[in-house]
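The structure appears below as structure tokens.
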Amino acid sequence: MTPTALRRVLLALVGTGPAPDLSALAERDWQALDRLAAQHRLQPLLHFQHRENPHIPLAVSAGWAAAYRAQAMLALSQRAELHRTVALLRRAGLAPLALKGAWLGSHAYPHPALRPLRDIDLLLDSGSVVAGFEVLGAAGYRQIEPTALALADLIRTDKHLPPLFSPGGTVVELHHRLWEPDGRLDHASPLEI
């Protein structure tokens, strides 16, 4: 099966429409489909949606189930880190807002394992994001990589400050805008509000 056809099968499997015809998939197609699902972090969702589907090979189904279990355990840890991080910032008088997966995993999906996170994204206004970064640093969060620019300069050039590792090992990004500043990308960004 062609890569384009496999992508269409994957899209149909994660969609809410009729199930695709899986009878045409050879073993190598299933392996390629599973790699594609892993690349896009879709295995937990595929397990959730198709755990009773008899047309999915047992090895693939078992892999999706294992990915779901692992992601469910990781989601519990990440949720605890989210609550801890937000509490630290709120105690300092800041008002963080959970973005993307940090919010979606708990509010838009039936289970947090269905929305895997690479990191926790929190939004603070540009006037308080450096203070938030310092609060987290004082609480044991550490910067992953050094930056050449000062934090105040990063506010002008980036949408978030450098990623931090929480004491529990979760990556946290403090955003001060939702998109890259105009001129950073090869296309125009929305005007500031």
* Asked: Sequence-distant or interchain residues sharing an amide H contact under 5 Å with ASP121, placed H: which?
  -> LEU99, ALA102, GLU173
* Asked: Which trypsin sites (Lys or Arg not before Pro) from region 1-103 combine a DSSP loop assignment with at most 14 other Cβ atoms within 10 Å?
  -> ARG51
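At a 1.4 Å probe radius, carbon and sulfur cover how many percent of the accessible area of the chain? List each step's numbers first, then the result.
Working: 6380 of 11110 Å².
Ligands and nucleic acids excluded, carbon and sulfur reach 57 percent.
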* How are the C-alpha pair distances of the chain spread across 10 Å bins, as whole percents from the shortest bin up? -> 8, 29, 26, 22, 13, 2
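Would you mind working out the magnitude of the charge dipole of the chain relative to its Cα centre, with +1 at each Lys and Arg C-beta and -1 at each Asp and Glu C-beta, to the nearest 20 Debye? Walk me through the numbers on the way to the answer.
On the way: 19 positive and 18 negative charges, 97 e Å.
Its charge dipole is roughly 460 debye.
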* Structure fact -> the chain: antiparallel bridges as % of DSSP beta bridges, rounded to 5, reads 65
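So, for the chain, what is the accessible surface per residue at a probe of 1.4 Å, expressed in square angstrom?
Working: 11110 Å² over 193 residues.
Accessible area per residue, the chain: 58 Å².
The values are calculated or read from the model by the stated rules, or taken from the named source; none is laboratory data. Nothing here was measured: the structure is a model prediction, and the numbers come from that model. Cβ sites come from the backbone with ideal geometry, for glycine too, and all protein chains shown count toward neighbours. What goes into the accessible areas is simple: the full protein's heavy atoms, side chains included, and nothing from ligands, DNA or RNA. Shrake-Rupley method; radii C 1.70, N 1.55, O 1.52, S 1.80 Å.
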